[in-house]
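Okay, structure first, notes after.
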Amino acid sequence: MIELFTKHPREHAGKTYLQHLMFTLKISCRLFTSSMIFIVHGLLPFISMPRKLNLEETISFLNNKNEEIPKNEN
């Protein structure tokens, strides 16, 4: 049963379960925050997007996080 929680983080990311959880929580929180700001901006276009949460910065954030993941040599 424990293998269900540890196999993917270990084999695909080289992380423990808790490291993987923290990694995914950081990404989730960032995407949730960006999404909420996009919704607010869509409803109230006079409220500008914070630069750190705009689309370009969010893509850059995701690319940087993706580079942190070790690549498998398969």
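Bear in mind that the values in this text are calculations on the coordinates, not laboratory data. Owing to the predicted nature of the structure, the values given are computational and were not obtained by experimental measurement. Neighbour counts are summed over all protein chains in view; Cβ atoms, including those assigned to glycine, are modelled from backbone coordinates with ideal geometry.
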Q: Excluding residues fewer than 8 places away in the same chain, name every one of the lysines whose C-alpha is closer than 18 Å to that of LYS7.
A: LYS15, LYS71
Q: Specify the residue with the greatest mean-square fluctuation among LEU25, LEU55, LEU43, computed from a Gaussian network of the chain linking alpha-carbon atoms under 10 Å apart.
A: LEU43
Q | Net charge dipole size for the chain [Lys, Arg +1 and Asp, Glu -1 on Cβ; Debye, nearest 20] | A | 180
**Q.** In nm, spacing of pseudo-spin labels at ILE69 and THR24 (7 Å Cα→C-beta vector)
**A.** 1.1
